[in-house]
1. With a 1.4 Å probe and every protein chain kept in, tell me what percent of the accessible surface of the range 48-107 is carbon plus sulfur.
2. Is the range 179-285 rounded, prolate or oblate when judged by the Cα gyration tensor, a ≥ b ≥ c being the square roots of its eigenvalues, rounded requiring a/c under 1.5 and prolate requiring a/b larger than b/c?
3. At 1.4 Å probe size, with the rest of the protein present, what percent of the exposed accessible area of the range 246-327 is carbon and sulfur atoms?
4. Just to confirm, what accessible area per residue do you get for the range 208-289 at 1.4 Å probe, in whole Å²?
5. Quick one: length gained pulling Asp97 to Asp176 fully straight, 0.36 nm per residue minus the C-alpha distance?
6. Put +1 on the Cβ of every Lys and Arg and -1 on every Asp and Glu Cβ in the range 236-328; which of Ala309, Val320, Val277 then has its Cα farthest towards the positive end of the dipole?
7. Suppose a student asked you for the relative contact order of the range 189-256, using Cα pairs under 8 Å spaced at least 6 residues apart; what percent would you report?
8. Using a simple spin-label model with points 7 Å from Cα along the Cα→Cβ vector, what separation in nm is obtained for Thr191 and Ala104?
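The values are calculated or read from the model by the stated rules, or taken from the named source; none is laboratory data. Predicted model only: the values in this text are computed from it and were never measured. Reconstructed Cβ throughout: ideal geometry from the backbone, glycine too, with neighbour counts over all protein chains shown. For accessibility, only protein heavy atoms count, side chains too; no ligands or nucleic acids. Shrake-Rupley method; radii C 1.70, N 1.55, O 1.52, S 1.80 Å.
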Amino acid sequence: MRRSLAAVVVVSAVVLAAIAGAQAQTARSGGKLNVVTSFSILRDWVAKVGGDRVEVTGLVGPGADAHIYAPTPRDARIVGAAKLIVVNGLGFEGWMDRLAQASATKAPVIVASAGVAPQPPPYPPPQAGEGKSIFPPPLLGEGRVGGRVGNAAAGIDPHAWQSVRNAEIYVSNIRDGLIRADPPGRVTYETNAAAYMQELACLDVDIRRAVATIPPARRKVITTHDAFGYFAADYGIVFIAAQGFSTETEASARDIAGIIRLIREQHIPALFFENAVDPRLVRRIAAETGAGIGGTLFSDTLTIAAGPAATYVDMMRHNVREIVDALK
Ligand SMILES: [Zn+2]
């Protein structure tokens with residue numbers, strides 16, 4: 001009797017080990033950890049840190065606007081199959097909660113921006129008659145009613161990735177989340193993240209050097225929506241936008257009149273298009289003021305592989321090149 005009890009215990013241990021093994025297997029599809037990110041910049045970072053150990057899908061693809069994204073039933077299936085979900089947070093993906101619910105996912109969620117210092121408006125710190133001071137916070141809060149767009153509607157800027165120092169925080173969070181989801185991959189994730197951090201450190205230095213070549217009085221640009229506040233705070237360029245933190249709210253006639261007045265008063269040298277944002281507003285302002293169009297900045301999305309901003313580092317380098325060329 002005692003002998004058969006021992007046998008049962010041994011069998012149970014074997015069964016438990018087999019179950020644990022099966023669970024570890026299902027966390028990795030085709031030998032890879034199945035990760036879903038909300039948008040393309042996070043996808044790039046997960047791919048950089050995860051390397052060969054991950055299979056990563058970005059829900060909002062290159063060139064698409066994550067602010068106003070409408071998830072599809074296919075997205076719900078993708079999220080449902082994910083073993084790890086990575087989001088920006090700071091109210092950026094107002095649609096993500098409902099999508100996660102619809103998918104019935106049990107996967108852990110990494111909020112990649114956790115730990116960054118959120119930028120409340122207005123910034124850079126307003127000087128009399130300058131920059132964001134023409135847009136009081138109530139105007140920025142006129143998003144979708146009920147605050148369903150999250151913090152973007154409450155006036156916190158979600159575009160924290162536009163600071164390379166913040167990017168280092170994002171990448172640390174992604175590295176730690178991957179290690180929690182796939183502990184055997186720890187060395188890979190730590191090694192890849194460390195190499196990428198060095199790339200980010202070089203990028204940060206290069207941006208500072210490039211901005212230093214612009215005469216201080218000319219470090220002002222106009223963009224469509226207010227996506228460059230963290231860049232502005234880190235690198236000392238004033239960005240003035242016709243739209244708020246989200247593209248959900250269109251610029252009013254009063255906003256546009258204010259921008260036109262500012263361009264004239266302050267001799268702002270250049271306006272920029274943004275990818276994924278309607279270019280007509282910038283064209284109209286350029287036509288009315290005679291200000292030059294500096295090109296296209298990439299704020300919320302990367303391009304396809306053949307484009308000029310296929311990775312985060314390429315995106316930042318492209319933006320700085322465009323800004324320096326237009327303002328120098
Ligand atoms: Zn945005």
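1. Whole-percent figure for carbon plus sulfur exposure: 51.
2. Details: a/c = 3.85, a/b = 1.83, b/c = 2.10.
Note, shape of the range 179-285 comes out oblate.
3. 53
4. 40
5. The Asp97-Asp176 span can extend by a further 26.2 nm.
6. Val320
7. Values: 56 pairs, mean separation 16.5, N = 68.
This gives 24 percent for the range 189-256.
8. With each label point 7 Å from Cα toward Cβ, the separation is 4.0 nm.
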